[in-house]
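Enquirer: There's a structure below that I have some questions on.
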Amino acid sequence: MSIWSEETQVRAKEIISRYPEKRSAVMPLLYLAMAEDGYLTDEGMEEVALWVGITPAQVRSVASFYTMYKREKTGRYLVSCCTSISCMLLGGDDILHAVEDESGVPHGETDDEGLLSVEHVECIGACGGAPAVQVNYELIEGVTSEKARDLVNWLRSARPEVVNTDEMQELFGGVRSFDWAVSEVDGAIGPYPAFQPLGTVGTEVGE
Amino acid sequence: MTESVRMTIDGQEHDVPAGELIIQAAQDKGTYIPRFCWHERMNPVGMCRMCLVEVESPRGPMLVTACTDTVADGMSVDTKGPTVKKAQEAILEFLLANHPLDCPVCDKGGECPLQDQAMSHGPGDSRFVEIKRNYEKPIPISDLVLLDRERCILCARCTRFSDEISGDPLIEFQERGNVTEINTFPDLPFSSYFSGNTVQICPVGALTAKPYRFRARPWDLSRVESSGMFDTSHPRISIHSSQNQILRIVGVDNDATNHGWLSDKDRFGFEYLGSEDRLTTPLVKRGGELVAVGWAEALDIVANRIDLIWEEDGGSAFGVIGGARGTNEDAYALSKFARVTLGTNNVDCRMDDALSSHFLAGSVDRALISDLDTADTILIWAADLKEEHPNLYLRARRAAQELGVKLIIVHPRATGLDDRATHKLHYRPGGGFALLDEIAEGVHPEIASALAAQKVVVIVGQTSFADDPKLAESVAALVRSKAGTVRIMPLARRANTFGALDMGLGPDLLPGRVSVGAIGCASLAESWGEFPTSPGKDTRSILEGLDDGEIRCLLLVGADPVNDLPIGAIARDALEAAEYVVSIDLFLNDSNADADVILPALGFAEKEGLVTNVEGRVQKVNAISPGPGQARADWSILADIADRVGRPLGLALAETIAKEIAEVAPAYEGVTWDLLEWDERDGVVVPIQGSQQINHIPVSLAGPRAPRAGLTLHVARTLYDDGVLMRHSPSLHRLAPGPLVHLNPEDARRLGAQGGRPMRVVTKHGEGDFAAVIDEDTPEGVVFVPFNQPGGVSLGTDPVVRVTAVSG
């Protein structure tokens, strides 16, 4: 009866089993629904409602509150430029304009090909490495306008299956908040936040 | 039991119950703290911030929301000081930043908490010069409710109501920040049976009701308090009218029955009263046509015919069906008319779809609605409360959801309360006795142990027409044998069934819960004179008597047996065969359209009187409209006929009828209008003192068995149907589901059924085409067909059914 793939259903069951009340699983399941359809569709939200036993209106209430639940088609790569205080002081707006200019995609929109979406976001917790950019929520710190343009062109030409924070930091980043941080080998496979085991590839932490 | 604490409110010391919210404690002590989001019957959220008060704390004075902070010993609260005043003014200025000042065209204007509190607590000015939120206005969120998002102040009253109280949260906050709004899911309307309550509790004009929209200004309305008459719980209501037209009904908060809530049927189901189709003049059949005549002529015709038949065959040639829709005074007059004027006990207010009259009227351990709040366990083995007894549904839901009462539901399919049930059992229609045996034998230990609690309330009735009416009595008997204190709530349909039975509108009952032929008869005889002393025929037997000519004259009083009887054909045949039919009614219907004389009656809100609800609570209903044309109250019509026949009732005024009831009907001793109007506004539960009760003998657990294999038919009512009052209430009639057959997905697959496609349903008593609904709420092997739907056919009571796909 479910509109979801067998694999997604197995994941949904597993996630629900972690909570004493199944309605608590609404948020991770919304990411499953996004991964299933590429973005959050009405059908996806209705499916989540069935799984967690609340009404679609209640599911949509959660989904529409958080900006990371995309209810419109999003490109394969979501480029998020931070324009909150620290990043703004260090040129965050310039970075955003550079990304918009190089990609031809105004913030809040997606290119015709469905490859790139550009958005400006509020603080992404990388003030120490400002200005910061995320691609599919994988972080790059210490970005310059030049590097931001390179990033856009790289995404367009290389079209990586998986984007990884360490790799992109190496190619397009500058000063990091914590350069002693544990290296993150997992990456994101789409424009939804990565959490185990969805949306991540590579080895698990500690392996 | 409750401890009290000593606190100071605005410099005055008070003792208040510990654990109470500041806003409640202050209100009880006479200090009104302004509020929008807080509602006494719902959990607090602290959403609107209007109730800010200043409280002394170890860190100095601070502003807290009075609706979320509880009182404490030694607490000092300031509700009127400069800091509080500044906060209140600021909150109102913020709320009015986006709220449009369209009060002149707003339904709420004149009774709007925002308008009133802006006046009493607001700054009177605004620094806001920017552009307000702009939305399409208004948008329909259901067939009955419109939403104006510009006016909404996001207090979450409507969303909390639908989540906490009615259990159908189809509206919720959407989006965030400055674009937050209340809305439904796209294409999934707020189709709740209780949606009208959100309109009533909305503190602004954001939610408005379609039937009332732009019909009146609140200050122009005449108002009268009364009791809702769509189910037997009789919620407290206020009826509002303008120029003799009833325009709306709102709920009145009352602990006893409804907590202020109403079903949409109680709220919007009054439209029939103003219908163009109301009967306004007596009609007499002449040459196959109904002809309008004057009252005197019509009454003479009826009286002459009664005289004639009485001379020839005596009282046994008469039958009386109906009387459950009027007041107790009407019912008493009808009861007396049948016994004294017609000389018969062939009288029944039930429509062959009810439990035994003695069980309904005479169970001594009858439950109060408020017993649901304090029970340990509630067993519901009855109709789906949400569909047939919406006010009880809300109370039972609250008990299970908010008060932690164990809820056991036994029904052929999922009911509206299943999501809150501790235990639920679904059984094949007709298999009730077998299941009861299983419970008695300990096959369902979890249910047996839940029933072995200290205080158990049992709500019993027929789950469907396939249930033997005796099943309910057996269920009650079983629980009585298991639990500590048991309270029984036997259910009946039609608003004043309990009042009518108490007035003797049953073949074996007399006024005041006295059995025909019992000792109580003697005292009644003193007042009434002579009347038959052996039980008469019930509705089914009266109709059969008409069919075989034993009964020659039928009096229908607000009854439509063709549509209301489970097997409509029995009534149809009987009415065709009847020699003489007199109908007292509001409308022409399928049963009286061919009657010999039709007399126009006054309806609800057009006459005063008493009514008795499912608990035995007697309340007053009041008049606010004179009624159409020459329509008259039932009792006065009957009194006039009786005078002409020469065996008068001696009834001259509704109020004096009530006095006569209080004198001759044992259970109603002392229940007068004066008592209810001045002393007991919530009504009184009769008998006030432990006076006479019918000695009801419970039946054994044995009963018929259901077919074990194949499909079984479950016919049950839905809230909206094709009943004659609904037919003339357009706002609700269009919400009736129509001719549908609900099938389990597995059965649907086997039968080749597709959603929306027609299926042929055939039973012993009828056949017809119904649109398929594929439905997981219906268990495998059960076929659910809603009863009496526009365009549907009557399928009878036999659970054996054949369902096939209609080709083409």
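Enquirer: Quick check of the Kirkwood formula: for the protein assembly as shown, what is the inverse mean of 1/r over all pairs of different Cα atoms, in Å?
Expert: By the Kirkwood definition, the hydrodynamic radius is 32.3 Å.
Enquirer: Of the options B:LEU95, B:ALA440, B:ALA156, report the single residue whose Cα projects farthest towards the positive end of the charge dipole of the protein assembly as shown (beta-carbon charges: Lys, Arg +1; Asp, Glu -1).
Expert: B:ALA440
Enquirer: Then there's this: Let me know the shape class of region B:111-263, please: from the alpha-carbon gyration tensor, a ≥ b ≥ c as square roots of the eigenvalues, rounded when a/c is under 1.5, otherwise prolate if a/b is greater than b/c, or oblate.
Expert: Taking the square roots of the gyration eigenvalues as a ≥ b ≥ c, region B:111-263 is oblate.
Enquirer: Regarding region B:242-389, what are the three Cα extents along the principal axes, ordered largest first, in Å?
Expert: Computed over the Cα atoms, the extents are 60, 43, 24 Å.
Enquirer: Between B:GLU746 and B:ASP116, what length in nm is gained on full extension when 0.36 nm per residue of separation is reduced by their alpha carbon distance?
Expert: That pair, B:GLU746 and B:ASP116, stretches by 221.1 nm at full extension.
Enquirer: Also: Taking only the alpha-carbon positions of region A:6-65 and ignoring solvent, what does the Debye formula give for the base-10 log of I(q)/I(0) at q = 0.13, 0.19, 0.21 Å⁻¹?
Expert: These q points yield log10 I(q)/I(0) values of -0.26, -0.58, -0.71.
Enquirer: Calculate one ³J(HN,Hα) per residue across region B:331-338 by plugging θ = phi - 60° into the Karplus curve 6.51 cos²θ - 1.76 cosθ + 1.60, and present them in order as whole Hz with x for glycine and proline.
Expert: With the stated coefficients, region B:331-338 comes to 5, 5, 4, 5, 4, 5, 4, 4 Hz.
Enquirer: Once every Cα of chain B carries one equal point scatterer and solvent is ignored, give the base-10 log of I(q)/I(0) from the Debye formula at q = 0.10 Å⁻¹, two decimals.
Expert: The Cα Debye sum returns log10 ratios of -1.11.
Enquirer: For a distance above 19 Å, tell me the whole-number percent of Cα pairs in region A:77-201 that qualify.
Expert: 41
Enquirer: Would you please classify the overall shape of region B:712-805 from the alpha carbon gyration tensor, given that a ≥ b ≥ c denote the square roots of the eigenvalues, rounded means a/c under 1.5, and beyond that prolate means a/b larger than b/c while oblate covers the rest?
Expert: prolate
Enquirer: Follow-up question, since we're still on this one. Could you work out, residue by residue across B:173-184, how many beta carbons of other chains sit within 10 Å of that residue's beta carbon, and then give the average as an integer?
Expert: Mean partner shielding for this stretch: 3.
Enquirer: What is the percent carbon and sulfur in the accessible area of region A:77-201, measuring with a 1.4 Å probe over the protein chains and ignoring ligands?
Expert: 53
Enquirer: Further question: Run the dipole for the protein assembly as shown about the Cα centre, Lys and Arg Cβ at +1, Asp and Glu Cβ at -1, nothing else charged, and hand back the magnitude in debye, nearest 20.
Expert: In total the dipole reaches around 1220 debye.
Enquirer: Bins of 10 Å, beginning at zero and ending with the bin holding the largest distance: percent of Cα pairs per bin for region B:373-487, please.
Expert: Reading upward from the zero bin: 15, 51, 32, 1.
Enquirer: Sort the following peptides by mean Cβ neighbour count (other Cβ atoms within 10 Å, averaged over residues), highest first: B:29-39, B:307-317, B:55-65, B:381-391.
Expert: With the highest mean Cβ count within 10 Å placed first, the list reads B:381-391, B:29-39, B:307-317, B:55-65.
Enquirer: Okay, moving on. Using 0.36 nm per residue, how much length does the chain from B:LEU101 to B:ASN43 gain when fully extended, once their Cα-Cα distance is taken away?
Expert: Stretched fully, the B:LEU101-B:ASN43 segment lengthens by 17.9 nm.
Enquirer: For the Cα atoms of chain A, what angle does the longest principal axis make with the long axis of helix A:26-37, in degrees from 0 to 90, nearest 10?
Expert: It works out to around 80 degrees.
Enquirer: Any idea what the alpha-carbon Rg over 2.2 N^0.38 Å comes to for region B:483-545?
Expert: So region B:483-545 has a normalised radius of gyration of 1.36.
Enquirer: Give the value in nm², to one decimal: projected area of the alpha carbon convex hull of region B:4-80, averaged over all directions.
Expert: Its average projected convex-hull area is 4.7 nm².
Enquirer: Separate question: Which of the listed residues, B:LEU403, A:ILE85, B:ILE774, is farthest toward the dipole's positive end in the protein assembly as shown, when Lys, Arg count +1 and Asp, Glu count -1 at the beta-carbon?
Expert: Result: B:LEU403.
Enquirer: B:GLY781's amide H: which non-local residues (gap 5+, or another chain) put their own amide H closer than 5 Å, with H modeled 1.01 Å from N in plane and none for Pro or chain starts?
Expert: B:ASN744, B:ASP747
Enquirer: Taking N as the number of residues in region A:1-153, what is its alpha-carbon radius of gyration divided by 2.2 N^0.38 Å?
Expert: 1.18
The values are calculated or read from the model by the stated rules, or taken from the named source; none is laboratory data. Everything numeric in this text was worked out from a predicted model, so none of it was measured. Neighbour counts run over all protein chains shown; Cβ positions are idealised from the backbone, glycine included. Heads up: the accessible areas ignore ligands, DNA and RNA and are worked out on the full protein's heavy atoms, side chains in. Shrake-Rupley method; radii C 1.70, N 1.55, O 1.52, S 1.80 Å.
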